[in-house]
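Engineer: Structure in C-alpha cells, see below.
The values are calculated or read from the model by the stated rules, or taken from the named source; none is laboratory data. Computed from a predicted structure; not experimentally measured. Cβ sites come from the backbone with ideal geometry, for glycine too, and all protein chains shown count toward neighbours. The area values use the complete protein model at the heavy-atom level, side chains included, leaving out ligands, DNA and RNA. Shrake-Rupley method; radii C 1.70, N 1.55, O 1.52, S 1.80 Å.
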Amino acid sequence: MLFSTIGQIYVFLWMIGAGLLTGALYALCAGLRRLLGAGFWLTLAIDALFGLGAALILIAASVIACYGQLRLYELLGVALGAVLFQLGVEPPVRRLLGALARAVKRMFRRCANFRLIKVIFK
C-alpha cells in the first residue's frame, strides 16, 4: 500500500502547477476577449482555443507526472491550482496591469501636445 502512495504528493503538486497554468490561460483569454470587444464568432474561437490549450496542459502534466494515468486527486489538484490562481494571483496582477495601462494613457496624453507626435500619428 505504501509503495503505491509514496509519490502522490509530487504528482499532486505538479497538477496544482498545471491548474495554475490553466488559470493563467483562462485569464489571458478573458482579457483578450475584453480587449478586442469580441463578438459571437471571435468569442467562440477564443473559447475553443482555451479548451484546446487547457486539454493540452492537462494531458501533458498528467503524462509527465504520472505516465498518463488519470486519478481523482490529480483532477482535484488541477482544480485547486485554478482556484488558487483566480483568488490569489490574478487580482494583484490585474491591478498592476490596470495601473500600467493608466500610466501609458497618461503618457500618451502628455505626449500628444508635442508637434512631432502630432505629425507622426496624424
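Engineer: Determine the pairs where a residue that is modelled with pLDDT under 90, located within the range 20-32, has a partner that is surrounded by fewer than 19 Cβ atoms within 10 Å (Cβ to Cβ) and outside any helix (DSSP H, G or I) with Cβ atoms under 9 Å apart, the partner being 6 or more residues away or on another chain.
Structural biologist: 32/38
Engineer: Considering only the range 43-71, state which residues are assigned to a helix (DSSP H, G or I), of a type in the set (A, V, I, L, M) and either modelled with pLDDT under 90 or on the phi > 0 side of the Ramachandran plot (or both).
Structural biologist: Here is the first cut: in the range 43-71, the ones assigned to a helix (DSSP H, G or I) are 43-66.
Restricting the remaining residues to those that are of a type in the set (A, V, I, L, M) gives 44-46, 48-49, 52, 54-61, 63-65.
65, the sole residue that qualifies.
Engineer: Quick test of your reading of the structure: residue 104 fulfils all but one of (1) among the β-branched types (Val, Ile, Thr); (2) farther than 30 Å from residue 7 by Cβ; (3) surrounded by 14 or more Cβ atoms within 10 Å (Cβ to Cβ). Name the failing condition by number.
Structural biologist: Going through (1) among the β-branched types (Val, Ile, Thr); (2) farther than 30 Å from residue 7 by Cβ; (3) surrounded by 14 or more Cβ atoms within 10 Å (Cβ to Cβ) one by one, residue 104 breaks only (3).
Engineer: Please work out if residue 17 is part of a helix (DSSP H, G or I), within 30 Å of residue 101 (Cα to Cα) and in contact (Cβ under 8 Å) with a residue 60 or more places away in the chain. Reasoning before the result, please.
Structural biologist: On the way: part of a helix (DSSP H, G or I): yes; within 30 Å of residue 101 (Cα to Cα): yes; in contact (Cβ under 8 Å) with a residue 60 or more places away in the chain: yes.
Answer is yes for this residue.
Engineer: Quick one: count up the residues across the range 71-106 that are in contact with a helix residue (DSSP H, G or I) (Cβ under 6 Å, 6 or more places away or on another chain) and among the hydrophobic types (A, V, I, L, M, F, W, C).
Structural biologist: So the count comes out to 4.
Engineer: Here's something else I'd like to know. Take the range 28-42 and flag every residue that is surrounded by fewer than 18 Cβ atoms within 10 Å (Cβ to Cβ), assigned to a helix (DSSP H, G or I) and either on the phi > 0 side of the Ramachandran plot or not basic (Lys, Arg) (or both). Break it down stepwise before answering.
Structural biologist: Initially, the range 28-42 is screened for residues surrounded by fewer than 18 Cβ atoms within 10 Å (Cβ to Cβ), giving 28, 30-42.
When the remaining residues are screened for being assigned to a helix (DSSP H, G or I), the result is 28, 30-36, 40-42.
28, 30, 31, 32, 35, 36, 40, 41, 42 - these are the residues of the range 28-42 that are surrounded by fewer than 18 Cβ atoms within 10 Å (Cβ to Cβ), assigned to a helix (DSSP H, G or I) and either on the phi > 0 side of the Ramachandran plot or not basic (Lys, Arg) (or both).
Engineer: Output the residues belonging to the range 53-101 that are in contact (Cβ under 8 Å) with a residue 40 or more places away in the chain, open to solvent by less than 40 Å² (accessible area, probe 1.4 Å) and within 22 Å of residue 11 (Cβ to Cβ).
Structural biologist: Answer for the range 53-101, where residues must be in contact (Cβ under 8 Å) with a residue 40 or more places away in the chain, open to solvent by less than 40 Å² (accessible area, probe 1.4 Å) and within 22 Å of residue 11 (Cβ to Cβ): 61, 62, 65, 66, 74, 77, 78, 81, 82, 85.
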